[in-house]
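Structure record follows, encoded as structure tokens.
The values are calculated or read from the model by the stated rules, or taken from the named source; none is laboratory data. Worth saying up front: this structure is predicted, and the values here are computed from it rather than measured. Cβ placement follows ideal geometry from the backbone for every residue including glycine, while neighbour counts extend to all protein chains displayed. Ligands, DNA and RNA are stripped out before the accessible areas are found, and what is left, the full protein with its side chains, is counted by its heavy atoms. Shrake-Rupley method; radii C 1.70, N 1.55, O 1.52, S 1.80 Å.
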Amino acid sequence: WSLFDLALHSEAAPASPVASTALLQRLSAEHTLLPLGENLHPHALFAHLGSYGSSYYSYLWARSISLRVWHQCFAVDPLGGAA
């Protein structure tokens, strides 16, 4: 879903619902073991694509911050009390 979301919000976004279905079918065929079947439109029911927006990527931001905290505070002695 994240690749599809990125494509939908890029400068080269599909111009129509038909094009968005073709995009999802292509991404599914390229990146999953089970390609999307014919006449299926799961993205039409995936509300996060329309309402979640950039907050979806806040998970990546939080992960990068936690990684920095880990390396600066805990990596040397993770079980020590000094941190």
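If you scan the stretch 18-36, which residues turn out to be part of a helix (DSSP H, G or I) and in contact (Cβ under 8 Å) with a residue 12 or more places away in the chain?
Correct list: 20, 21, 23, 24, 27, 31.
Is there any pair with a first residue in the stretch 63-76 that is surrounded by 10 or more Cβ atoms within 10 Å (Cβ to Cβ) and a second that is part of a loop (DSSP other than H, G, I, E, B) whose Cβ atoms are under 8 Å apart and which are 6 or more apart or on different chains, and what are they?
Listed pairs, sorted by first residue: 73/83; 74/83.
Take the residues in the stretch 1-17 that are under 21 Å from residue 57 (Cβ atoms) and in a loop (DSSP other than H, G, I, E, B), then tell me which one is most open to solvent (accessible area, probe 1.4 Å).
The residue in question is 11.
Exactly one condition in (1) farther than 14 Å from residue 8 by Cα; (2) surrounded by 10 or more Cβ atoms within 10 Å (Cβ to Cβ); (3) modelled with pLDDT of 85 or more is false for residue 23; which is it?
So residue 23 meets the others, but not (1).
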